[in-house]
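Written below as structure tokens is the structure these notes are about.
The values are calculated or read from the model by the stated rules, or taken from the named source; none is laboratory data. Bear in mind that the values here come from a model prediction, so they are computed numbers and not experimental data. Glycine gets a Cβ as well: all are built from the backbone with ideal geometry, and neighbour counts include every protein chain shown. Just the protein is used for accessible areas: all its heavy atoms, side chains included, with ligands, DNA and RNA removed. Shrake-Rupley method; radii C 1.70, N 1.55, O 1.52, S 1.80 Å.
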Amino acid sequence: MLGLGARLAFLHLGPHTAELADIHRNRTWAVEIGVERGKVFDRRGLENILALDLPVKDVCADPDAVVSSGQVAVVSAKLSELLGLPVSDVAQKLDRPGRRYACLKRSVQEEDSQRIAALHLPGVFFEDQTVRFYPHHDFLCHVLGFVNHDGIGSAGVEQRMDKFLRGCPGFLESEKNALRKEIYWKRDRYVPPVEGANVYLTIDQNVQYIVEKAIDTIDEGHDSLTWKGAWAIVQRVSTGEILAMVSRPAFDLNDFRAAPDDAKLNRALGTVYEPGSTLKSIAFSAAFNEKLVTPETVIDCENGSWMHRGKVLHDYHPSGRLTVADGLKKSSNILTAKLSIQLGDERLYQYMRAFGLGQKTGIDLPGEEAGLLRPRSDWSGISGSRMAIGQGVAVTAMQMISIYGAIANGGVMMRPYVVRQVVAADGTILEEHRPEETGRPITPETAALMRRLLARVTEPDGTGKRAAVEGYQVAGKTGTAQKPVPGGYSSTAHIASFVGFLPAQAPEIVIVVVVDEPQPIRTGGMVAAPVFKRIASEAARYLDLRETESSAVAMK
Amino acid sequence: MRRRNRKKTVHAFALPVPLAGCVVLAASLALAYVWMVCRCQTLGNELKELEGHRDALLKEYQQELFKWTRLKAPQNLERALRDHGIGMTWPSSRQIVRLRPDDVRGDGWGGAEEQQLARLDRPDRKAD
């Protein structure tokens, strides 16, 4: 008895440092508390979620249990049907006696997992997971971007706003009981996680849908029209907010690993192209701004063929003498070249810089290209006249929309942006983007004059007549540019584009549409203008833009 | 003088009052301690349960949010309209009747203006 008592006393009162440390180590539980990545909303906020963390389940099985139950064939058949997997693959994973774990399919949505659970299949169980999910798959894919395996934003808004969206994980140090459950009152340390902030975009889901639908139906109204790529942007004139941005081909954000790199490129920001006639507006604006000409000034267009410094320049629609106003309406290369000569290379270069050529617009999305504007010192004798008509200079669609946005906005260029607000989980506004003026390349008077002249382009005898929208006066410009190839320009590969705004007198939105290598029809007026019309007519109704008064339309 | 009845006198150990007080206090404290430990454990378990419940509700909320978002997506709405054979086009300005707040006041349509979904907030601009 004495011995037992002594042993008991020793066990209870002794130091037992090593044993206690073992017990403590076994019971201690320290984990990082996962944090939900912030959501991405469109401009309507809570109404329209574009990206969120979604609880899903991995469908797993205990092959040994399935084999023991003798129902391998039945379980395989049912699971393959519900998971959309080949029966043979499922059966192969399940028919493994002695194995205790097999993952059959990852990231299965709640509804599907519930359907499987309701079958009470032997040996089948689920593991909880959370994945970044994009409810509309390829919708707005290039703007939203995606999150990689490590939870880091790797493209689009997900990348640019990663530091806000990611949040900060928490920490928990506690003890577990014999059932491996936390003993709450033994909780030593608890650092709560900081949820990721929500990002509100300037994009309007409905306008985006209108644009995506229009881009996807470019071939509507044409027989066997093919194209290599297409992109479009809708921007609010007065603020620079991007209401929609589309690039094709697109890809499914929930399966971005399967998408080719070419599809992941946001062409609206990352593809530079020679703009062709859409760039003529710079030369016209500059000439008016410098008061070198008036809309009524008459210039000889040499019947469509003009030799300048040993190189011949042609007009698509040959004309004799044209007023400057008609030269813009008919998109005369010769008239534009003569304007640029009158302007002089130095001034033309300054205006091109002032309109943002060769510089990034500064939009809050990754992957923007600066375009190509050669330094003035590299210009040859004909560079100015060729650049004025959109050759030998490369732009992005974002730059083109900024140029026309400035004309529409009284000569004021606005910085484009897609993120309107970043709001923390507790409601604190962490970042708010305000409209930002980036320059004033032309005077308000010149801008107003250009708006009136560009509105004539969509008249029945203008090159952009297919962009006209019922009830609204549309101002814009068509562009058809041959693609540069080694040694010159391709005769078959073109970039067709249309950029314009409406209502012409008090513009609210500016839209650019670019189609890469349309075949067999290649002109901006035939291919891009109808797409512009589809976008503009629906967007104008949706945004409740004030219709142009009938008297103003009649004046056309 | 009347004699005391010795048989009625109780012979027992009387705990001094201060000591008794201490014992009672100690016992009370011990009981209170045990009660509080039990209470803490119960509350801890309840908190754990509530934490689990909250997590489950959050997951459910996310799921419902996701379903709702997909349901009212323009793609889905258009598909639903098509499935039901409903063809819709945008109305022209002549087909639109605009209601001002004054027109609907008193009809229980207090939020009519807020329900205008498609509108850019903009100051009135003068035409050129």
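Scan region A:12-43 for residues that are over 27 Å from B:ASP55 (Cα atoms) and open to solvent by less than 90 Å² (accessible area, probe 1.4 Å) and jot them down.
Of everything in region A:12-43, those that are over 27 Å from B:ASP55 (Cα atoms) and open to solvent by less than 90 Å² (accessible area, probe 1.4 Å) turn out to be A:GLY14, A:HIS16, A:ALA18, A:ALA21, A:ASP22, A:ILE23, A:ARG43.
When you scan region A:477-495, do you find a residue that is assigned by TED's automatic domain parsing to the domain that holds A:THR226, of a type in the set (Phe, Trp, Tyr) and modelled with pLDDT of 90 or more, even just one?
No: region A:477-495 contains no residue that is assigned by TED's automatic domain parsing to the domain that holds A:THR226, of a type in the set (Phe, Trp, Tyr) and modelled with pLDDT of 90 or more.
Please state which one of A:LEU322, A:LEU313, A:LEU372, A:LEU357 is surrounded by fewer than 17 Cβ atoms within 10 Å (Cβ to Cβ), hydrophobic (A, V, I, L, M, F, W, C), on the phi < 0 side of the Ramachandran plot and touching a strand residue (DSSP E or B) at 6+ places or on another chain (Cβ under 7 Å).
A:LEU372
Does A:LYS477 qualify as being closer than 26 Å to A:VAL207 by Cβ, surrounded by 22 or more Cβ atoms within 10 Å (Cβ to Cβ) and charged (D, E, K, R)? Break it down into steps so the answer makes sense when it comes.
Values: closer than 26 Å to A:VAL207 by Cβ: yes; surrounded by 22 or more Cβ atoms within 10 Å (Cβ to Cβ): yes; charged (D, E, K, R): yes.
Taking the combined requirement at face value, the residue satisfies it.
Within the set of pairs 6 or more residues apart or between chains, which connect a residue that is on the phi > 0 side of the Ramachandran plot inside region A:504-527 to a residue that is surrounded by 20 or more Cβ atoms within 10 Å (Cβ to Cβ) with Cβ atoms less than 7 Å apart?
Correct list of pairs: A:GLU517/A:HIS494.
Quick one: count up the residues across region A:488-520 that are part of a strand (DSSP E or B) and either over 28 Å from A:VAL237 (Cβ atoms) or within 14 Å of chain B (Cβ to nearest Cβ) (or both).
Of the residues in region A:488-520, 12 are part of a strand (DSSP E or B) and either over 28 Å from A:VAL237 (Cβ atoms) or within 14 Å of chain B (Cβ to nearest Cβ) (or both).
List every residue pair whose Cβ atoms sit under 7 Å apart, with the two residues 6 or more apart in sequence or on different chains, where the first one lies in region A:529-545 and is on the phi < 0 side of the Ramachandran plot and the second, anywhere, is open to solvent by 20 Å² or more (accessible area, probe 1.4 Å) and in a helix (DSSP H, G or I).
A:ALA529/A:ARG466; A:PRO530/A:ARG466; A:LYS533/A:ARG466; A:TYR542/A:ASN206
Is it true that A:ASP378 is of a type outside the set (Val, Ile, Thr), assigned by TED's automatic domain parsing to the domain that holds A:THR294, free of Cβ contacts under 8 Å to residues at least 24 places away in the same chain and open to solvent by 20 Å² or more (accessible area, probe 1.4 Å)?
The answer is yes for A:ASP378.
For region A:165-183, does any single residue satisfy the condition of being open to solvent by 60 Å² or more (accessible area, probe 1.4 Å), at pLDDT 90 or above, away from chain B (no Cβ under 14 Å) and out of contact with any Lys or Arg (no Cβ under 9 Å at 6 or more places or on another chain)?
yes
Determine which member of the set A:SER331, A:SER385 is surrounded by 21 or more Cβ atoms within 10 Å (Cβ to Cβ), outside any helix (DSSP H, G or I), at pLDDT below 95 and assigned by TED's automatic domain parsing to the domain that holds A:VAL510.
Working: A:SER385 fails: outside any helix (DSSP H, G or I).
Checking each option against the conditions leaves just A:SER331.
Looking at region A:205-214, is at least one residue in a loop (DSSP other than H, G, I, E, B), within 30 Å of A:ARG434 (Cβ to Cβ) and at pLDDT below 95?
No, there is no match, as no residue in region A:205-214 is in a loop (DSSP other than H, G, I, E, B), within 30 Å of A:ARG434 (Cβ to Cβ) and at pLDDT below 95.
Which ones in region A:450-469 are among the basic types (Lys, Arg) and within 12 Å of chain B (Cβ to nearest Cβ)? Walk me through how you get there before you give the answer.
At the first step, the residues of region A:450-469 found to be among the basic types (Lys, Arg) are A:451-452, A:456, A:465-466.
Listed by number, the residues that qualify are A:ARG451, A:ARG452.
Any chance you could count how many residues in region B:59-102 are at the interface with chain A (Cβ under 7 Å from one of its Cβ atoms) and assigned to a helix (DSSP H, G or I)?
10
Mind checking which residues of region A:531-547 are farther than 14 Å from A:PHE501 by Cα and either away from every other protein chain (no Cβ under 13 Å) or in a helix (DSSP H, G or I) (or both)?
Those that are farther than 14 Å from A:PHE501 by Cα and either away from every other protein chain (no Cβ under 13 Å) or in a helix (DSSP H, G or I) (or both): A:ARG541, A:TYR542.
Considering only helices (runs of 4 or more DSSP H) fully contained in region A:18-118, which possess at least 1 residues that are in contact with a Gly (Cβ under 6 Å, 6 or more places away or on another chain) and away from chain B (no Cβ under 14 Å)?
A:63-69
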